[in-house]
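A.B. asks: Structure below; questions to follow.
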Amino acid sequence: MDAETLYSDLEGQPYDRAVEQIYDFCIQNNSAGILSDGKTALSFGGMDSETANTATTSIFGIVHLADRPEEYELSIMSISKATNEISDLLLKLIPAILGVILLLSALSAFICSKVIVSPIAEISQISKRMTALDMTWRCNVKSKDEIGVLASSLNAMASRLHTVMDELESANRRLEMDVEHFQRLEAERRHFFAAVSHELKTPLTILKGQIENMMLGCGDYQDHEKYLPETLKTVEDMETLVLEILSVTKMESMNVKDTLQEVSLADTVDKVVRTLLPLVQDKDIQIHQNIITDRAVLIDPVLWSKALSNIIGNAVRYSPSGAEVSIFLRDGNVLIIENTGVTIPEDDLPHLFMPFYRSDRSRNRATGGSGLGLYIVEA
């Protein structure tokens, strides 16, 4: 039975009978209804505002009942069709919905892997390199969330640590070089004092023997006038050696930076050559000074003169008569002092600056050198 038939059947029916028919109709047709006289309303089939909003078919009509003088308005709303259509639509959409859910799940997993898991895995690998003190890495996470801030902080920390580690390695290398330098200086100091002891022992022994023999009047030593000059010469040699030792000690303890001055290179060389003129003239040696372009040098004048005197003096003393000594600048920076007539054996070159080292002992003894000349030059 449709709604129009229901309206026809209800016309002229008693109120109670009409209510029963409306109730049966709503049950049979999955509908809802409202019977109202304008003052009161009776609902059928669970009629409420939500049902009214979702209803797809609504029929309104006026009904006159036999035992009631009022006109009643009957509203019939059918929801079965909408419900069935929704159910069918849901059944059809379930595969699509499941597919969308799976797609969203896969997309979420991919985003989670790229955005969260991958950066965390990269930071985890970096932490392992940090434990190995490897600070050459860089975290490439560019996000602006907390993980990105952490990556940026790690990069800044790595950069600072890398700089600090480089500085520590540099300081460690300098420390190792300083330790090696001090060890070498200590070895040279021990060698120096051992050599000094040896060099002083020989003239002291000679001096002691000469004095004792002269005091006892032994043999030829009764002639004091003959041996006193030899004794004086021995004392003078010892005095020269002691002065050279004091000079070395003074150089090791002084702060050269406080005594630096600008002096003329040509003038200092000329002054040293003039002090050696007596020896130069005695050996008939020609000295050629070829410093064309003079230049100022920042040095300690006293130490510089001492070094020049030792080098030029050696060139004069150990050259044969008639030899030549040339003094010139090479490349404008290197001072060359070169002699003719005698050379130093190649095997002796590494030992030249050792204290008391003599390439030709007999010749060096004859010249009266202390054996510290080149050692002082190097110091």
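The values are calculated or read from the model by the stated rules, or taken from the named source; none is laboratory data. In this text the structure is predicted, and so the values were computed from the model without any measurement. When we count neighbours, we look across all protein chains shown, and the Cβ atoms used for this are built from the backbone with ideal geometry, even at glycine.
A.B. asks: If you go through the stretch 270-288, how many residues are of a type in the set (A, V, I, L, M) and in contact with a strand residue (DSSP E or B) (Cβ under 7 Å, 6 or more places away or on another chain)?
C.D. replies: Within the stretch 270-288, residues that are of a type in the set (A, V, I, L, M) and in contact with a strand residue (DSSP E or B) (Cβ under 7 Å, 6 or more places away or on another chain) number 4.
A.B. asks: Residue check, ASP16 against (1) surrounded by fewer than 12 Cβ atoms within 10 Å (Cβ to Cβ); (2) modelled with pLDDT under 85, all met but one. Which one?
C.D. replies: In the conditions (1) surrounded by fewer than 12 Cβ atoms within 10 Å (Cβ to Cβ); (2) modelled with pLDDT under 85, ASP16 misses (2) alone.
A.B. asks: Right, something else. What number of residues within the stretch 287-343 satisfy the criterion of being under 16 Å from ALA266 (Cβ atoms) and free of Cβ contacts under 8 Å to residues at least 12 places away in the same chain?
C.D. replies: Residues meeting the conditions: 4.
This table checks each residue for (1) modelled with pLDDT of 75 or more; (2) not polar (S, T, N, Q).
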| residue | (1), (2) |
| --- | --- |
| LYS201 | yes, yes |
| LEU232 | yes, yes |
| ASN255 | no, no |
| GLN289 | yes, no |
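A.B. asks: OK, next. Scan the stretch 148-165 residue by residue and report those that are more than 17 Å from ASP134 (Cβ to Cβ) and either in contact (Cβ under 8 Å) with a residue 60 or more places away in the chain or loosely packed, with under 14 Cβ neighbours inside 10 Å (or both).
C.D. replies: VAL149, SER153
A.B. asks: What's the total number of residues in the stretch 1-45 that are out of contact with any Asp or Glu (no Cβ under 9 Å at 6 or more places or on another chain), within 16 Å of PHE60 (Cβ to Cβ) and polar (S, T, N, Q)?
C.D. replies: Matching residues across the stretch 1-45 total 4.
A.B. asks: Regarding GLU71, is this residue modelled with pLDDT of 75 or more and touching a strand residue (DSSP E or B) at 6+ places or on another chain (Cβ under 6 Å)?
C.D. replies: Yes; evaluated as a whole, the condition is true for this residue.
A.B. asks: Would you mention how many residues in the stretch 298-329 are in a strand (DSSP E or B) and modelled with pLDDT under 80? Outline the logic, then answer.
C.D. replies: Our first condition is that a residue be in a strand (DSSP E or B); within the stretch 298-329, this holds for 298-299, 324-329.
Cutting the leftovers down to modelled with pLDDT under 80 gives us 299.
Within the stretch 298-329, residues that are in a strand (DSSP E or B) and modelled with pLDDT under 80 number 1.
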